[in-house]
Every structure is written in structure tokens, then in C-alpha cells.
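Accompanying notes for the structure given below.
The numbers here are math on the coordinates, done by the rules we state, and not lab data. Here the structure is a predicted model, which means the values were calculated and not measured. Every residue, glycine among them, receives a Cβ derived from its backbone with ideal geometry; neighbour counts consider all protein chains shown.
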Amino acid sequence: MPGFSTRAIRAASRIPDAPQPPVNVPIYASATFEVADAAELGDLLEFGRPGHSYSRYSNPTHEALEHAIAELEGAEAGLSTASGMAAVHGVMLSILRSGDEVVVPAAVYGGIVGIAQAVLERSGIVTRAVDTTDPDAVAAAIGPRTRLLWLETISNPTTAVADVATLAELAHARDVVVAVDNTFASPALATPLSRGADLVVHSTTKYIGGHSDIIGGIVVGSAERVAAARKIVINAGGNGSPWEAFLALRGLKTLALRMERHSSNALAVATALDGAPGVIGVRYPGLASHPQHQLAAAVLRDGMAGGMLAVELEGGRAHGERFLGTMKVGVHATSLGGVETLVSHPASSSHRQLSDADLGAAGLTPGMLRVSIGLEDADDLVADLTAAAAG
Ligand SMILES: Cc1ncc(COP(=O)(O)O)c(C=O)c1O
């Protein structure tokens, strides 16, 4: 009879029969999967047959998330990653190589500026930042070496809305691939592939997870493009954990409900802050004063405009700091898309890579606050944030 340790390891690794399927996708907390022979393992490592070999390559909990978000975004395939930035990296590096160019919005998430400086530049890839709300500017920025146009459905943090259909047509006419970061809208509000995008990425850390308790990302698109991104992610070690994939799946189930409440709360706060004491301006795609309000109404589902606002305070940076110290309901923290209202100061956090001149070019000011409206009671948020602005 084998010794205790041998028996304990075997006994504790026996997979139970579960003829009744569980209501939730199990967390497959297994780094590796047993195979019958070397040929099977070889095939699995090349994705030559269904199944899983090693969790850096694929994992059933991730696969469930990949299928779910691919279905909701109208995509053929998906790839679950360790973070939104791992998804961005996988997409960019699967398309761009030394000598290529990528066109990105001037008003964009600071992580894109970060990857351009820390990764693309040293790989010999040139990044061109333009006002992507102006199709002529995008057309002018696309040159013979441009391979990728990067867009955000709703931009971080200035809430500019991308006309994906127009820009995708323009890009495709020049053989340029279009990738859209759909994090701010979530698949509950927008599906950029249906407007002509080739690839969509999300930071599932945000609305899909929805509770500020995970870091994760996802890529969706055609099987071929997603496989190319997977190759980068596998080799760069950008795979996520099945625990977080489980939480992203759980978040997905309530995403639509949460986006409704985020949107109605954000509209109430944006309306109250617009013209309130201490406030110069509010950018929210749901307000008629927003430059792309009509486009937002056309491309975002059921008139919802999401939970993100940019608020410009009268007193610049000092006023922004006072606001953050005064508010009682909102939480001063980076990130977004959680159940709690999160307020941050992009110039010193998400966009700290940008100089004041670059901030201006991105439509940002040192006194601008990014507000991720949560699911609290709208009246409490309005009272808290208008008082903080007036203070
Ligand atoms: C629009 C957008 N895309 C991507 C990311 C990166 O996501 P993660 O922090 O999960 O890597 C963020 C993070 O703030 C974001 O706001």
C-alpha cells in the first residue's frame, strides 16, 4: 500500500462526479491538466484540439468568460487576460512590429501613453496622437506605415465619444486594423464590432467586474485576430487568474442592471453639477451640451450614457484637492466602474505621464476631476458632490 503522503495527494486530487451541472462556472484552480500521452499534450499546446494543457495557455474558467463576453460583444472569439493593460499589450503587439505606426486618440487613457513610451517606442513603433473626434485629422494621421487605429468608445477621462463606424470605414480603406477600448461603455451599452471595429478590449477591472475587487482584461474579435493576441499574451505571461475570471463572470450577470443605475445616477449628478457653484463645466455624453451628445444617443443603448463624468472646477488644481478632501460619499481613489463612487484627479494619477502641454492637447486641465458615479442613492450623490464643488 502506498504511503500516507502518496495516498493523500491522490485522494485530494480526485475530481468528483457532478452529474447535475452547477449553477455557477467553477473556479478551475489548476495550473496544469492531466493528459493521456505526449501527442495529446503537444496538440493542446498548439491549440490543435479542444481542451486545456497549462493555465498560462488557457483555463476553463477563463474560457467561460471568453465565450460569454465574445457572445455579448458579437465576436467569434475571446481572450481573458491578467489586466486591461495585458489585453491592450496583446492586441498592440500582435498587430504592430518595428517600423509600424499606430494612431491613438489625443484624449485617451493614460495607460496608452504609458505603453507607447515604455514598450512601443523601444520596439521601434511610432505612436501618433490625434483628435479622433475629427475624421479628417485621423485620415491625415494615417500614413503608409500605419497598421492600427486605437479608439475608446467613450474616452478616459474627457468622455469624448468615438464615431467608430465612420472611422472604421476610413481606416479599412487604408488597410488599417481598428481596435476599440470599450471599457467605459461596457457591452451593455455598446458593441463596437457591430460598427466595424476589428477588435474590442475591456479592462474587466471596471464595469464588468463592477465591485472594485479584481484586476482583469479581455480581448474579443475574429478567431484569427484573437489567436494572434493569445500568442503574445502566452509568451508575455499576461494570463489572468481563474479566481478573477469567476468574479468577472459573476459581475457580468448584473452588468445591465448596474449600467442602468450608473447611467441614471450620473445623469442626475451631471445635471446638478452643470452650472452649480464652483463648477466651470461638466462633460457627460448624456447632457445636451456634450459635443457628441447626438452621436452618444445613437450609439449607446437605450439613451444611457454610462457612469463617467469629467468635472472642471473654477479654482483649478487647489480646488480639485479641496473637493477630494470635502466629499463624504465619494471615495478618492483611482479606477472606475465600481458600485461606489470613485473620484480621481487625472493630472496626478491616471494621466501623470502627460506634461501640462500634453494634458491640454488631450483636452484635460490640471483642475479636472474624473468622477465614476456609483450605485449609491442619487440624492446623496448630488448633495455630496455639489457641496464638495461649492467648498
Ligand atoms: C479605459 C481603460 N482602458 C484600460 C485600462 C487598463 O485596465 P487595467 O487597470 O485593468 O489594466 C483602464 C484602467 O484604468 C482604463 O480606464
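Rank by packing, highest mean first: peptides 120-133, 46-59, 2-15, with packing defined as the count of other Cβ atoms within 10 Å averaged across residues.
On the way: 120-133: 17.4, 46-59: 15.6, 2-15: 8.7.
By packing density, highest mean first, the sequence is 120-133, 46-59, 2-15.
Net charge within 11 Å of residue 180 by Cβ-Cβ distance, Lys/Arg positive one each and Asp/Glu negative one each, not counting residue 180 itself?
Values: positive: 195; negative: 73, 152, 181, 198.
Local charge sum for residue 180: -3.
Could I have the simple spin-label model distance between residue 32 and residue 264, label points 7 Å from Cα toward Cβ, reported in nm to one decimal?
5.2
How many angstrom lie between the C-alpha centres of the range 22-74 and the range 276-335?
41
Between residue 76 and residue 294, what's the calculated FRET efficiency when r is the beta-carbon distance and R0 is 35 Å? Round to 0.05. Don't jump to the answer; show the numbers that get you there.
Values: r = 31 Å, r/R0 = 0.90.
FRET efficiency, residue 76 to residue 294: 0.65.
Angle check, please: helix 378-390 long axis (alpha carbons) against the longest principal axis of the chain (alpha carbons), in degrees 0 to 90, nearest 10.
Helix 378-390 sits roughly 50 degrees off the main axis of the chain.
Sticking with the crude label model, points 7 Å out along Cα→Cβ, report the distance from residue 256 to residue 24 in nm, one decimal please.
In this crude spin-label approximation the distance works out to 2.1 nm.
How much length is gained on full extension from residue 8 to residue 224, taking 0.36 nm per residue of separation minus their Cα-Cα distance?
This chain segment gains 73.4 nm when fully extended.
Ratio of Rg to Rh for the chain, alpha carbon only, Kirkwood? Don't skip to the answer; put the middle values down first.
Values: Rg = 22.2 Å, Rh = 21.9 Å.
Over the Cα atoms of the chain, Rg/Rh equals 1.01.
Label-point separation (nm) for residue 121 and residue 332, each offset 7 Å from Cα along Cα-to-Cβ?
Taking the simple label geometry, residue 121 and residue 332 are separated by 3.0 nm.
So, R0 is 45 Å and r is the distance between the beta-carbons of residue 140 and residue 318; what FRET efficiency does that work out to, to 0.05?
So, using R0 = 45 Å, E works out to roughly 0.70.
If you build the Cα gyration tensor of the range 61-186 and take the root of 5 times each eigenvalue, what three semi-axes come out, in whole angstrom, biggest first? The partial results should precede the final answer.
On the way: eigenvalues 102, 60, 42 Å².
Here the semi-axes work out to 23, 17, 15 Å.
Please list, in chain and number order, the residues 5+ apart from residue 128 or on another chain whose amide H is under 5 Å from its amide H, with Hs placed from the backbone.
Long-range HN contacts for residue 128: 102, 103, 104.
So what are the ³J(HN,Hα) numbers for the range 123-129, from phi and the Karplus equation (6.51, -1.76, 1.60; θ = phi - 60°), rounded to whole Hz, Gly and Pro as x?
Values, residue by residue: 9, x, 10, 9, 10, 10, 9 Hz.
Report the full-extension gain for the segment residue 379 to residue 172: residue separation times 0.36 nm, less the Cα-Cα distance, to one decimal in nm. Mind dumping the intermediate values first?
Numbers: separation 207, 0.36 × 207 = 74.52 nm, distance 4.60 nm.
Result: 69.9 nm gained on full extension.
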